[in-house]
Amino acid sequence: MKKGIYPMLLLALAATATVQAGTRPHSHSVVIVQPSELPKSASLRSESMFLLNGENGQAYLYLEQDQGKSLAILNVEDLGNIREAGRVSLANPTPYDFVQPVRDSAALIRFRDGSGLAVISFKKPGQPVLYAEQGSLIPASIQAIGQNTLLVASANAPSTPPEKTKAEILDISDPSRPALLVTIRGLRQRLENVDTGTWFLLGDEGLTVIRRPRLERAFKDAMNWVN
C-alpha cells in the first residue's frame with residue numbers, strides 16, 4: 001500500500017511546486033493564451049465580440065468596449081502573434097449584442113435597451129462603420145432567410161400581446177441601406193419547410209409565403225435524382 005502512495009504524493013508535491021514557481025500549466029493538445037499575454041485591449045472589459053474572416057486568410061476579432069461606444073480590433077490571423085489592429089469610436093446610445101453576420105463583411109447588432117437594430121459594416125476591416133436601422137419596432141426575434149434577407153418579429157412595446165406582434169421582412173443586400181420588403185401585422189404563427197427554405201407567416205391579413213426558388217430547384221433536383 002505504502003509503495004503505491006509515495007509516488008502519487010511525490011507527483012502531487014511536484015505539481016504544487018511547479019504552480020508556485022509560476023510555470024503556466026500546459027496540455028499536449030491545447031494552448032491557453034491568457035489576457036495578460038495579449039494586447040492591452042484584450043484585458044479591458046468587453047460586452048461582446050465578433051469574428052470577421054476576410055480574404056486571403058485575414059481574420060479580425062472585434063471587442064465591444066466602453067458600453068458599446070468603441071470597438072477594439074485585434075488581428076488574429078497569426079494566432080501565435082495576436083496583435084492590436086486599431087480602435088474606433090461608434091455613436092452608440094447603449095451596449096449591444098452581435099446577432100449574426102450579414103453577407104461577408106457586416107454584422108447585425110441588437111441594442112440591449114430594446115431600442116432596435118443596426119448594422120456594422122466591416123468592408124474596411126480597420127474602419128468599421130455603424131448604420132442605424134430605421135423604424136420604431138422593438139425586435140422580439142430575428143431570423144435569417146438566406147444571406148440577404150431577415151425576418152424581424154417585433155412589437156411596439158414589451159407588453160404587447162402576441163396577436164399584435166408585427167413582422168418585417170428586410171433586404172440587407174446593402175448593409176448601409178436595409179430595405180423594408182413587407183410588413184406583416186398581427187403575426188400569429190410562422191412555419192418553415194426546411195426542405196425548400198419556405199416560410200409561411202400567418203397574420204391579420206391572411207397567409208404570406210416567403211419562397212427561395214434556388215432551394216426549391218435544388219430540392220426538386222434531389223428528389224428527381226432519388227426517384
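The values are calculated or read from the model by the stated rules, or taken from the named source; none is laboratory data. These numbers come from a predicted model, not from an experiment. Please note: Cβ atoms are built from the backbone with ideal geometry, for glycine as well, and neighbour counts cover all protein chains shown.
Return the total of residues in region 75-100 being surrounded by 16 or more Cβ atoms within 10 Å (Cβ to Cβ), in contact with a helix residue (DSSP H, G or I) (Cβ under 9 Å, 6 or more places away or on another chain) and either without any contact (Cβ under 8 Å) to a residue 12 or more places away in the chain or of a type outside the set (A, V, I, L, M, F, W, C) (or both).
Total meeting the criteria: 1.
Of the residues that make up region 125-133, is at least one closer than 21 Å to Leu74 by Cβ, in contact with a Pro (Cβ under 7 Å, 6 or more places away or on another chain) and at pLDDT 80 or above?
no
I need a count of the residues in region 201-215 that are of a type outside the set (A, V, I, L, M) and either outside the structural domain of Ala144 (by TED's automatic domain parsing) or under 19 Å from Ser154 (Cβ atoms) (or both).
Result for region 201-215: 4.
Being modelled with pLDDT under 80 and surrounded by fewer than 20 Cβ atoms within 10 Å (Cβ to Cβ) is the filter here, so list the residues in region 144-173 that pass it.
Correct list: Gln147, Ala155, Asn156, Ala157, Pro158, Ser159, Thr160, Pro161, Pro162, Glu163, Lys164.
Looking only at region 63-105, which residues are within 19 Å of the chain's Cα centre (by Cα), within 20 Å of Val33 (Cβ to Cβ) and of a type in the set (A, V, I, L, M, F, W, C)?
Leu63, Ala72, Ile73, Leu74, Val76
For region 39-72, what are the residues that are touching a helix residue (DSSP H, G or I) at 6+ places or on another chain (Cβ under 8 Å) and either basic (Lys, Arg) or over 11 Å from Tyr96 (Cα atoms) (or both)?
Those that are touching a helix residue (DSSP H, G or I) at 6+ places or on another chain (Cβ under 8 Å) and either basic (Lys, Arg) or over 11 Å from Tyr96 (Cα atoms) (or both): Ala42, Ser43, Leu63, Ala72.
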